[in-house]
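Shown next, in structure tokens, is the structure this report addresses.
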């Protein structure tokens, strides 16, 4: 049995670390020592607080199941926790994750910084909960514990940007087709992303919702926020199986990814796709593809499926990308930038006005032009009279820039990038 003597300079943090590192056999002793040391350091007024009135950071600590646990252990107020550590750790359903969350809350109370921790400290706590809960779900049993799922989404909703919380769940660019076709959203009453905070427990108990789908929903929400994606980690080394063709793949981060731009968001989106979807996005839509987009027949032969199946996958990917453009508000931001510029405006000039949002667009303007055209503009067009200059216009076919030296013939007028909304013979 290892010793649990805690260095004085890191007493409170050391208590949690010992519980985290303890084996299953050592955990009851570690939890007993941690609670026995923590509770006396909490103020007397807090120790007298009834256990059902304690403001725990996670909602699972206040439900009926926990009330029954406290009643069986004889815990009436917070101070009673000092003597029930070993029994609590041996209670069925109380695992390491729940114990660590309770201990961290007690540490905050002991240090008196629950109200002083500030938004940065709370965010760091939530990020750590997301990281550990997501890892536990992805590496745990096929049916994750509902309380673990609840803790994950409670922390996730707490740190997500407010503008994303009110988005319709059907508008999120999910990486799994199930998220679009499932009726569970309606059956559970989940209309917007914020509803997952209170309904995650019910979601996890639905038949057929396992660790894979829970992790997919969480990962898809995380990647929508560049800052959150960076802090939590992309999970790009995790092993995933493509359930369509049975092949396995590893998500690898693309070099030179631009985290703060729309281009970076689409690059992160590609990590969530299956190998087949990613190949179609690249070779059919032209994302990060230097050559001319390929035909349906070529991709069908490469993947051993029909041309119709390739077309279906392409439309699904397009739909997700359009949702991503709307979530990132690219059309509105582009129109706002153009409002102060002559039309048609030079795309390079528009990009310079919005370095954070538009960075990297010159490298991938062709597939973006196709997506924007399908969404009704603004349109990105190539001006052949000015060395292939890319211009932005509110019209599908902008005329030649007014400063041109000559009036072009009808056959010379520049045409927009070929796309479904512009020409029926498009390859995009």
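The values are calculated or read from the model by the stated rules, or taken from the named source; none is laboratory data. Everything numeric here is computed off the predicted structure, so don't read it as measured data. Neighbour counts run over all protein chains shown; Cβ positions are idealised from the backbone, glycine included.
Only one residue in 369, 345 is in contact with a strand residue (DSSP E or B) (Cβ under 6 Å, 6 or more places away or on another chain), within 23 Å of residue 292 (Cα to Cα) and in contact (Cβ under 8 Å) with a residue 40 or more places away in the chain, so which one is that? Outline the logic, then answer.
On the way: 345 fails: within 23 Å of residue 292 (Cα to Cα).
Matching residue, one of 369, 345: 369.
Can you confirm whether the stretch 102-112 contains a residue that is at pLDDT below 85, over 25 Å from residue 265 (Cβ atoms) and not in a helix (DSSP H, G or I)?
Yes - at least one qualifying residue is present in the stretch 102-112.
Can residue 319 be described as closer than 21 Å to residue 373 by Cβ, at pLDDT below 85 and surrounded by fewer than 18 Cβ atoms within 10 Å (Cβ to Cβ)?
The answer is no for residue 319.
State all residues of the stretch 63-90 that are without any contact (Cβ under 8 Å) to a residue 60 or more places away in the chain and surrounded by fewer than 15 Cβ atoms within 10 Å (Cβ to Cβ); if no residue qualifies, say none.
Across the stretch 63-90, the qualifying residues are 63, 64, 65, 67, 68, 71, 72, 74, 76.
Being modelled with pLDDT of 80 or more and either in a loop (DSSP other than H, G, I, E, B) or buried (at least 17 other Cβ atoms within 10 Å of the Cβ) (or both), is that true of even one residue in the stretch 253-263? Break it down stepwise before answering.
First, pick out the residues of the stretch 253-263 that are modelled with pLDDT of 80 or more: 262-263.
Next, only the ones that are either in a loop (DSSP other than H, G, I, E, B) or buried (at least 17 other Cβ atoms within 10 Å of the Cβ) (or both) stay: 262-263.
There is at least one residue in the stretch 253-263 that is modelled with pLDDT of 80 or more and either in a loop (DSSP other than H, G, I, E, B) or buried (at least 17 other Cβ atoms within 10 Å of the Cβ) (or both).
For every residue, the table says whether it meets (1) outside the structural domain of residue 207 (by TED's automatic domain parsing); (2) in a loop (DSSP other than H, G, I, E, B); (3) in contact with a helix residue (DSSP H, G or I) (Cβ under 6 Å, 6 or more places away or on another chain); (4) surrounded by fewer than 21 Cβ atoms within 10 Å (Cβ to Cβ).
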{"site": "131", "(1), (2), (3), (4)": "no, no, yes, yes"}
{"site": "135", "(1), (2), (3), (4)": "no, no, no, yes"}
{"site": "141", "(1), (2), (3), (4)": "no, yes, no, yes"}
{"site": "153", "(1), (2), (3), (4)": "no, no, yes, no"}
{"site": "156", "(1), (2), (3), (4)": "no, no, yes, no"}
{"site": "163", "(1), (2), (3), (4)": "no, no, no, yes"}
{"site": "186", "(1), (2), (3), (4)": "no, no, no, yes"}
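Mind checking which residues of the stretch 349-368 are part of a helix (DSSP H, G or I) and under 14 Å from residue 266 (Cβ atoms)?
Within the stretch 349-368, 357, 358, 361, 363, 365, 366, 367, 368 meet the criteria.
Condition test on residue 25, is it at pLDDT 85 or above, loosely packed, with under 12 Cβ neighbours inside 10 Å and in the same structural domain as residue 89 (by TED's automatic domain parsing)? Give the steps one after another, and end with the answer.
Working: at pLDDT 85 or above: yes; loosely packed, with under 12 Cβ neighbours inside 10 Å: yes; in the same structural domain as residue 89 (by TED's automatic domain parsing): yes.
For residue 25, the condition - at pLDDT 85 or above, loosely packed, with under 12 Cβ neighbours inside 10 Å and in the same structural domain as residue 89 (by TED's automatic domain parsing) - is met.
Restricting the search to the stretch 348-366, which residues are in contact (Cβ under 8 Å) with a residue 24 or more places away in the chain and crowded, with 16+ Cβ neighbours inside 10 Å?
350, 357, 358, 359, 360, 361, 364, 365, 366
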